Amino acid sequence: MLPDPSARPAFCTPVYIGAEIYRFSTYGPTHPLAVPRVSTCTDLILAMGWLDPRQFVTAPMAGVAELARFHDPGYLAALQRAERDQAVSAADRDRYRIGIDGNPVYPEIFSRPATSAGGVMLAARLTVAGGVVHCPGGGTHHGRPDRASGFCYLNDPVLGLLAWLDAGLTRVVYLDIDAHHGDGVQDAFADDGRVLTISIHEAGRWPGTGVAEDRAGGAARNLPVPRGFNDSEMRWLMQEAVLPLIAAWQPQAIMVQAGADALEEDPLARLALSNNAYWEVARAVRGLAPRLVVLGGGGYNPYATGRCWAGLWAALNGIAVPPRATPEAERVLRALRYNRAAGRTPPEHWLTTLRDAPREGMVRDDIKRLAALARMERLSA
Ligand SMILES: [Zn+2]
């Protein structure tokens, strides 16, 4: 029997999908997403000399017809109206949660999420025959078919996963390491045995879903971790639960949502990872499927998020992160503005390094219990 070409390991050069829309677009001066993240990541990997121009692809803005694969046309029209008018009617606000609940009306309220969606759908299409793509503009995992939720207007991970399924893939893994539960993606595939969704998130944090027993009909695993979650604990969960689950699933493709709000410096969560933990996750899943797409997500400290995502790109390319940032990368970091107390006097290592000091620690019993529960045979899909 001939080997299945789709089962070939991905040896090809990774692709980076970015877009300039992220550079100047903000959710408003007082919103946590006032900070530049994707442009910081792009600028850092360029400044470190890690990006061959042939690896860079600009994210196209998705059209309404493509977005309607998951989203309600009435909701998409409301987003376009909000972008045009820079205002929202009471009816649209109440029905679609636009201009309320942390989902502000801002100048690119349709264009920016549509670009994220276009980037992630392109990532899926580029990898149909195999490959690795980093698309840090994607990762809006809370978006709902017919409403905004948790700073997310569209759900680009869902649209990317659907693009893979529409191309004929039947066994896909979605791994979400954002500090918040990947509720929108889990719910979108709750009745779909083709997608295993795994979410590691802070217990008790918004949106409050994703308890350890929640399997969403079978093909979901949730690992709600306690405050102070450290690098050693992430390694434990990966080795004892996540990697065995992925191996058992034998995925044709893996999508990782790498929201950077589980880093210790993040202002919105209380987890304590260093960026080494993120890079280790990327390296660990790299060879487990012939297709890998790595997205961004949360991340509200621009220094920590930019350094983390730039290092993810290095990990996907097998590049070792040197102890010191190049002078060009240091200039990128020193030019950042961050409207929080920590931003007034950023610690020196935010400006001169990309790699954090590792944050190893004790693996608590809670973590060991979570790993054991996630692997319990009788709960398998
Ligand atoms: Zn988050």
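The values are calculated or read from the model by the stated rules, or taken from the named source; none is laboratory data. Please read these numbers as outputs of a predicted model, since none were measured by experiment. Positions of Cβ are generated from backbone atoms using ideal geometry, with glycine treated the same way; all protein chains shown enter the neighbour counts. When the accessible area is computed, the model is the full protein with side chains, heavy atoms only, and any ligands, DNA or RNA have been set aside. Shrake-Rupley method; radii C 1.70, N 1.55, O 1.52, S 1.80 Å.
Observations on the structure shown:
- Pairs where the first residue, in region 252-280, is in contact (Cβ under 8 Å) with a residue 40 or more places away in the chain and the second is among the polar types (S, T, N, Q) and open to solvent by less than 10 Å² (accessible area, probe 1.4 Å), C-beta under 6 Å, 6+ apart: Ala260/Thr305; Glu265/Asn301; Asp266/Asn301
- Filtered by the rule that a residue be closer than 17 Å to Thr26 by Cα and open to solvent by less than 60 Å² (accessible area, probe 1.4 Å), region 74-99 gives Leu79, Ala82, Glu83, Ala87, Ile98, Gly99.
- Filter pass, Asp178 being under 25 Å from Ala289 (Cβ atoms), more than 14 Å from the ligand (Cβ to nearest atom) and of a type outside the set (Ser, Thr, Tyr): no
- Which numbered condition Asp92 misses (of (1) within 16 Å of the ligand (Cβ to nearest atom); (2) free of Cβ contacts under 8 Å to residues at least 24 places away in the same chain): (1)
- Of everything in region 249-270 that is among the hydrophobic types (A, V, I, L, M, F, W, C) and open to solvent by 10 Å² or more (accessible area, probe 1.4 Å), the residue that is farthest from the ligand (Cβ to nearest atom) is Trp249.
- Region 63-104: number of residues that are closer than 22 Å to Gly119 by Cβ and among the hydroxyl-bearing types (Ser, Thr, Tyr): 1
- The residue list Asp191, Asp187 contains one member that is touching a residue at least 24 places away in the same chain (Cβ under 8 Å), open to solvent by 40 Å² or more (accessible area, probe 1.4 Å) and not in a loop (DSSP other than H, G, I, E, B), which is Asp187.
- Residue within region 166-174 that is under 20 Å from Ser116 (Cβ atoms), outside any loop (DSSP other than H, G, I, E, B), touching a Pro at 6+ places or on another chain (Cβ under 7 Å) and away from the ligand (no atom under 16 Å from the Cβ) present: yes
- Output for region 276-305, where each listed residue is more than 16 Å from the ligand (Cβ to nearest atom), not in a loop (DSSP other than H, G, I, E, B) and not hydrophobic (A, V, I, L, M, F, W, C): Asn276, Glu280, Arg283, Arg291, Tyr303
- Filtered residues of region 100-138 (kept if aliphatic (A, V, I, L, M), over 17 Å from the mean Cα position of the chain (by Cα) and open to solvent by 10 Å² or more (accessible area, probe 1.4 Å)): Ile100, Val105, Leu126, Val128, Ala129
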